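Q: Structure below; questions to follow.
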Amino acid sequence: MDNDVWTVGRLLAWTTDWLAARGSESPRLEAEVLLAHARRCQRIELYTAFETTVDEAQRSSFRALVKRRGEGEPVAYLVGSREFFSLPFSVNNSVLVPRPETEGLVVRVLDICRSMLAPRIIDVGTGSGAIAVTLATQLPQAKICATDISAAAIVVAQSNAERHGVADRITFLTCDVLDDPQAEGPWDVIVSNPPYVREDEFDALPRDVRLHEPRSALVSGPSGCEMIVRLAAIAVERLVSGGWLIMEVGPARAAEEAIVQQPSLWLGPTLTDIAGHPRIVQARLN
Ligand SMILES: C[S@@+](CC[C@H](N)C(=O)[O-])C[C@H]1O[C@@H](n2cnc3c(N)ncnc32)[C@H](O)[C@@H]1O
């Protein structure tokens, strides 16, 4: 960028082209989010400021963000936040950026809990806390627990619970799956968006994901089903009779097979995500 007059409109147009040339799928949106962050304003405020000159300090901070985005860093990490279920969630590179598909998982759990007075729910692999915190905001009577093997992720999840005023209603545990006495249950719902990428698939993931999001949030092991198989086995011991195991998965078939290996689990219909892919596998304890 040269030293001519750089207005909001001109910066957005230039950056949109630059990000598009580097493979961004939504270059205009990303340019707007980054510029709003650099100017410490709401994105919508840019629309009434197209002719406003951006000062050098803000341009310098914007340039640095755009450069990092061009190198593949996810926008959510650059601005430290991502919206999930219409709530802002703080994120950093210790946690997976919450995905819109996962909102479907939350909706399904809310449907299940609608008839329960005080549902007991555990979110396994909570990451940013997107699932557990959202459920806590929607279900004021629920008893919620959230686990993650990553202590750094639990710090982020706790900060999001505080941000949304539900920290006193969620027990956060740093542990392997449900391997903590406080995670014993019994639970009405075990919900999880576990890692489900096979080790040999990792190199084929999009660059932004592969280079920037935590590998342990993505890769499960050689089969991709390791954590799903463990969850199906644990669900049998930790759910109440009639309780639900609800998981977001990649290939649904393998998760469905893991469930049918457990004779006391009933395999419900797999739900599709907003893109029409089989995504939410559900099982119920007899
Ligand atoms: C796909 S991310 C999901 C994060 C968040 N629930 C979401 O939907 O955005 C999977 C999470 O599981 C955690 N995880 C991986 N292995 C685990 C294990 N053995 N026990 C508990 N959590 C685990 C990762 O640290 C990561 O935060």
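Q: Among the numbered criteria (1) within 9 Å of the ligand (Cβ to nearest atom); (2) farther than 24 Å from R238 by Cβ; (3) acidic (D, E), which single criterion is violated by D123?
A: Only one criterion is unmet by D123, namely (2).
Q: Filter region 229-262 for residues that are away from the ligand (no atom under 14 Å from the Cβ) and touching a Lys or Arg at 6+ places or on another chain (Cβ under 6 Å) and give the result.
A: Within region 229-262, W244 is the sole residue that qualifies.
Q: Condition check: assigned by TED's automatic domain parsing to the domain that holds V191, part of a helix (DSSP H, G or I), touching a strand residue (DSSP E or B) at 6+ places or on another chain (Cβ under 8 Å) and within 19 Å of T171 (Cα to Cα). Does I131 satisfy that?
A: Yes: the conditions hold for I131.
Q: Can you name the residue in region 178-196 that is assigned to a loop (DSSP other than H, G, I, E, B) and surrounded by fewer than 17 Cβ atoms within 10 Å (Cβ to Cβ) and, of all such residues, is farthest from the ligand (Cβ to nearest atom)?
A: Restricting to residues being assigned to a loop (DSSP other than H, G, I, E, B) and surrounded by fewer than 17 Cβ atoms within 10 Å (Cβ to Cβ), the top hit is P186.
Q: A follow-up question, please. Please indicate, with yes or no, whether at least one residue in region 69-88 is buried (at least 22 other Cβ atoms within 10 Å of the Cβ), under 25 Å from I234 (Cβ atoms) and away from the ligand (no atom under 12 Å from the Cβ).
A: No: zero hits.
Q: Also: Within region 268-277, can one find any residue that is assigned by TED's automatic domain parsing to the domain that holds L110, farther than 22 Å from I121 by Cβ and of a type in the set (G, A, S)?
A: Yes, because at least one residue in region 268-277 is assigned by TED's automatic domain parsing to the domain that holds L110, farther than 22 Å from I121 by Cβ and of a type in the set (G, A, S).
Q: Within region 139-162, which residues are surrounded by 16 or more Cβ atoms within 10 Å (Cβ to Cβ) and either of a type in the set (K, R) or outside any helix (DSSP H, G or I) (or both)?
A: Result: L139, A142, K143, I144, C145, A146, T147, D148, I149, S150.
Q: Does any residue in region 59-74 that is part of a helix (DSSP H, G or I) come within less than 8 Å, Cβ to Cβ, of a residue that is aromatic (F, W, Y) six or more places away or on a different chain, and which pairs are these?
A: Pairs found: R59/W6; V66/W18; G70/W18.
Q: Of a type in the set (D, E, K, R), in contact with a Phe, Trp or Tyr (Cβ under 8 Å, 6 or more places away or on another chain) and in a helix (DSSP H, G or I) - does that describe any residue in region 93-110?
A: Yes: one or more hits.
The values are calculated or read from the model by the stated rules, or taken from the named source; none is laboratory data. Values in this document were obtained by computation on a predicted structure and should not be read as measured data. Cβ sites come from the backbone with ideal geometry, for glycine too, and all protein chains shown count toward neighbours.
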